[in-house]
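Here the structure is laid out as structure tokens; the discussion comes afterwards.
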Amino acid sequence: MILLAALLMTSTAMPSPTCQVWQREQAFARSVREHDAAAFRGFLAADAVFDANGGHPLHGPAAIVPAWKAVIDGKGLQLDWYPAHVVTSADGRLALSSGPYVMTTTGKDGQAHTVIGRFATTWRRGRDGAWRVQFDGGDEGRPADAAALAAFDRHRDAPCPEAR
């Protein structure tokens, strides 16, 4: 009987908050890779702020989703990212996820230009228990070389470190 109870507890145990955010960040990136605007919007808090570290932050899904339409559609710009580090607050309500991104655009010369950089996303757990993006931003990136792109591809789908 004790063994059965232990098995049931193990099979229904929730991932840690860190791993929940790790998985949400991966799913958030997948929504862009799969061009799923509805899924993308579902990750946003009602008062989310994008380009939070830039000169023209976007406030709320009504501003963010249209501004990101080309990114989500993958037209003229391809963006991918994944978490490399997640830390949660002591109360389990806030989390910071950060890691690399790769962005490819087509220049006026018709050539593809790829940069690699770092992003940071602040997640907030809602009353319903779901983690949603509160703040999102990233750096300008730098030209990507073959080694950096290969490393990015190797680590894209890595499991949460706590789950390893």
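The values are calculated or read from the model by the stated rules, or taken from the named source; none is laboratory data. Keep in mind that what you see is a predicted model, and the values were worked out from it rather than measured. Every residue, glycine among them, receives a Cβ derived from its backbone with ideal geometry; neighbour counts consider all protein chains shown. Side chains included, ligands, DNA and RNA excluded: accessible areas come from the protein's heavy atoms. Shrake-Rupley method; radii C 1.70, N 1.55, O 1.52, S 1.80 Å.
Could you work out how far apart the two model spin labels at His56 and Asp36 are, taking each label as a point 7 Å from the Cα in the direction of the beta carbon, and quote it in nm?
3.0 nm
Can you give the net charge of the other residues whose Cβ lies under 13 Å from the Cβ of His85, counting K and R as +1 and D and E as -1?
The answer is -1.
Hey, what angle do you get for helix 2-12 against the long axis of the chain, alpha-carbon based, 0 to 90 degrees rounded to 10?
20 degrees
Contour minus end-to-end for Glu162 and Val87, with contour as 0.36 nm per residue of separation and end-to-end as the Cα-Cα distance?
25.9 nm
Between Asp109 and Ala148, with labels modelled 7 Å along Cα→Cβ, what's the label distance in nm to one decimal, could you check?
The answer from the label model is 1.7 nm.
Pick the calculated mean projected area of the Cα convex hull in nm² for this structure from (1) 11.7; (2) 9.1; (3) 10.0?
(1)
Could you tell me how many degrees, from 0 to 90 and to the nearest 10, lie between the Cα long axis of helix 146-155 and the main elongation axis, the longest principal axis, of the Cα atoms of the chain?
On a 0 to 90 degree scale, this one is about 20.
Would you mind telling me the share, in percent, of accessible area of the stretch 1-142 contributed by carbon and sulfur at probe 1.4 angstrom?
Answer for the stretch 1-142: carbon and sulfur cover 60 percent of the accessible area.
Given only helices, namely DSSP H runs of n ≥ 4 each adding -39500 (n - 2.57), what is the per-residue ellipticity at 222 nm of the chain, to the nearest 500 deg cm²/dmol?
Mean residue ellipticity at 222 nm (helix-derived): -10000 deg cm²/dmol.
Using the heavy atoms of the protein chains alone and a 1.4 angstrom probe, what is the accessible area of the stretch 83-159 per residue in square angstrom?
It amounts to 59 Å² per residue over the stretch 83-159.
Tell me, what is the per residue accessible area of the stretch 18-75 in Å², probe radius 1.4 Å?
47 Å²
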